[in-house]
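Since the structure comes first, as structure tokens, the remarks are kept for the end.
The values are calculated or read from the model by the stated rules, or taken from the named source; none is laboratory data. This one's a predicted model, so the numbers in the text were calculated from it and none came from an experiment. Cβ atoms come from the backbone with ideal geometry, glycine included; neighbour counts cover every protein chain shown.
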Amino acid sequence: MSPPILPLRLEEVVFAAGGQVIIDRVSLEIAAGPSTIILGANGAGKSVLMRLMHGLLEPTSGALAWNERDRLLARRRQAMVFQRPIMLRRSALANVAFALEVAGVPATEREGEALAALDEVGLRPLAHRPARVLSGGEQQRLALARAWALHPEVLFLDEPTASLDPGATREIETIIKAFDAAGTKIVMATHNLGQARRLGDEVVYLQAGRVVERAPVDRFFSKPATAEAAAFIKGEVPWVGF
Amino acid sequence: MLAAIAEGLRRVFQLDAELWNIVLLSLEVSLSAVLLATLLGLPLAALVAVKRFPGRKAVIVVLNALMGLPPVVVGLLVYLLLSRAGPLGSLGLLFTPGAMVVAQTVLILPIIAALARQALEDAWREYEEQLRSLGAEGLKAALTLVWDIRFSLVTAVLAGLGRASAEVGAVMIVGGNIDGVTRVMTTAIALETSKGDLPLALGLGAVLIAIVLALNAAAQLVKDAAQRRFG
């Protein structure tokens, strides 16, 4: 077994696009263990920060390094679930198998592993349905199955339930907890305070591209250290019910 | 006019063997050209859609501009290439159906490639992050993309087929409209028109339109069925 890819260290990471600074000198260490919630309002830069960490975007300046120096190896042990899952026009099973194929899993093992992953998210009965005709919640569970099959060390989730109803949201949260229980490091962006409480161990609060506060989840909500975080919690409270 | 078409159709069906040879050759030439242009055009389109390289914008402009290539100009260029003294003269293709396939391939390759490039690029915008996240990049990503939107690409291929089966200039120049060898429907129509046999020309035209309609309808049915099936 190769050494773990965590921790991930960001030093003075800046990301600018079109003359606008979206991520502003962020320094963070993401360590194995506690589930990390990237919390912030829309436009705070949560999605961009996740994409920088996952390697889909390159920092404009600053440094971002995994414990595993080989970026390709590091990439293979991460997975990301997006707000809107993108499924290929093939069966649910084939979508998971595709991810395994790209990851270099031998053809003979793909189907078994893909079925096991579908089982994990409760989609085995729909294995042979075309993925694109599944409901939004089912597609998001399929995206999680696709990630599960890869046994990632780190799972990035970018507002995975933002476009789902409460029932589907609960199912997704249960699966995320299963990832956590299986030892996968969770890094999730959300603006939903209830979800942050339910799934998070620590909160990184982002505002206007800067990390304003980082704290264990209990302390963040009971005694926020910064006025910005306190205002966000207060302003967002009506959302907790969602 | 309608009477003339009816008269033309009656005459067309009297020609039987000779006519069906013309129809079959038309289909053979145009479908071969579509097949070749698709095999060459789709990978080219996927490459331009997925890869970022210097001069990419220029390639797109040129591809789009080439969609409007005049068939006679393509015919002339292919004629020069294939004529005895030309660089490919030794192949002996000039005035054979092979030369017509080459000319039509050159003519419709930009059409298929340019339209497919647009469709693939739109899809790439949707798929890029997901595919890159899974580790599918470059050729693997391009092939995955082509396969996944294959039913949308049918439209690009049909546009190529329409152009190939409708054009007369290129096949006339490189084929020569030789009776029983390189005469296709469009060149036959041009010939009958210049001979003054308008009813026969009209009848042939009606057959040509019917065939193109049937091919398009079949392709559309396949596309619709597939889209219902796969979403």
> Among the residues of segment B:194-210 satisfying the criterion of being surrounded by fewer than 18 Cβ atoms within 10 Å (Cβ to Cβ) and in contact (Cβ under 8 Å) with a residue 24 or more places away in the chain, which is nearest to the other protein chains (Cβ to nearest Cβ)?
Replying inline: B:ALA206
>> Among the residues in segment A:149-156, are any out of contact with any strand residue (DSSP E or B) (no Cβ under 6 Å at 6 or more places or on another chain) and either in a strand (DSSP E or B) or at positive phi (or both)?
In response: yes
> Restricting to strands (runs of 3 or more DSSP E) lying wholly in segment A:164-242: which have 3 or more residues that are farther than 28 Å from A:ARG146 by Cα and either acidic (Asp, Glu) or in contact (Cβ under 8 Å) with a residue 40 or more places away in the chain (or both)?
Replying inline: A:202-207, A:210-216
>> Going by what's in this entry, would B:VAL61 be described as more than 14 Å from chain A (Cβ to nearest Cβ), out of contact with any Asp or Glu (no Cβ under 6 Å at 6 or more places or on another chain), in contact (Cβ under 8 Å) with a residue 60 or more places away in the chain and in a helix (DSSP H, G or I)?
In response: no
>> If I filter segment A:128-137 down to residues being in a helix (DSSP H, G or I) and within 12 Å of another protein chain (Cβ to nearest Cβ), which single residue comes out as surrounded by the most Cβ atoms within 10 Å (Cβ to Cβ)?
In response: A:ALA131
> A:ILE175 versus (1) in contact with a Pro (Cβ under 7 Å, 6 or more places away or on another chain); (2) buried (at least 18 other Cβ atoms within 10 Å of the Cβ); (3) over 16 Å from A:GLY40 (Cβ atoms): which is the lone unmet condition?
Replying inline: (1)
> So which residues in segment B:133-154 are in contact (Cβ under 8 Å) with a residue 60 or more places away in the chain and β-branched (Val, Ile, Thr)?
Replying inline: B:VAL146, B:VAL154
>> So, B:VAL174, is that one surrounded by fewer than 22 Cβ atoms within 10 Å (Cβ to Cβ), in contact (Cβ under 8 Å) with a residue 12 or more places away in the chain and in a helix (DSSP H, G or I) or not?
In response: no
> Any idea which of (1) under 17 Å from A:VAL13 (Cβ atoms); (2) more than 20 Å from the chain's Cα centre (by Cα) is the one A:GLY104 doesn't satisfy?
Replying inline: (1)
>> Considering only segment B:148-157, I want to know if a residue exists there that is in contact with a Leu (Cβ under 6 Å, 6 or more places away or on another chain) and at pLDDT below 95.
In response: yes
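Yes/no per residue for (1) under 22 Å from B:VAL34 (Cα atoms); (2) over 12 Å from the mean Cα position of the chain (by Cα):
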| position | (1), (2) |
| --- | --- |
| B:LEU134 | no, yes |
| B:LEU139 | no, yes |
| B:LEU145 | yes, yes |
| B:LEU161 | yes, no |
| B:ALA164 | yes, no |
| B:ILE178 | no, yes |
>> For segment A:49-72, give me each residue that is within 11 Å of another protein chain (Cβ to nearest Cβ) and either hydrophobic (A, V, I, L, M, F, W, C) or over 18 Å from the mean Cα position of the chain (by Cα) (or both).
In response: A:MET50, A:LEU56, A:LEU57, A:LEU72
>> A:ALA162 - would you say it is away from chain B (no Cβ under 14 Å), closer than 30 Å to A:THR226 by Cα and at pLDDT below 95?
In response: yes
>> Of the residues B:GLY68, B:GLY75, only one is outside any helix (DSSP H, G or I), within 24 Å of the chain's Cα centre (by Cα) and not aliphatic (A, V, I, L, M); which?
In response: B:GLY68
>> Looking at B:LEU191, B:LEU139, B:LEU131, B:LEU213 in this structure, which one is at pLDDT 90 or above and either within 19 Å of B:LEU107 (Cβ to Cβ) or within 14 Å of chain A (Cβ to nearest Cβ) (or both)?
In response: B:LEU131
> Taking A:ARG141 and the conditions (1) farther than 30 Å from A:GLU11 by Cβ; (2) crowded, with 20+ Cβ neighbours inside 10 Å; (3) within 12 Å of another protein chain (Cβ to nearest Cβ), which numbered condition does it fall short on, given that it satisfies the others?
Replying inline: (3)
>> Show me the helices (runs of 4 or more DSSP H) found entirely inside segment A:67-127 where at least 1 residues are crowded, with 20+ Cβ neighbours inside 10 Å, in contact with a helix residue (DSSP H, G or I) (Cβ under 7 Å, 6 or more places away or on another chain) and among the aliphatic types (A, V, I, L, M).
In response: A:92-102, A:107-120
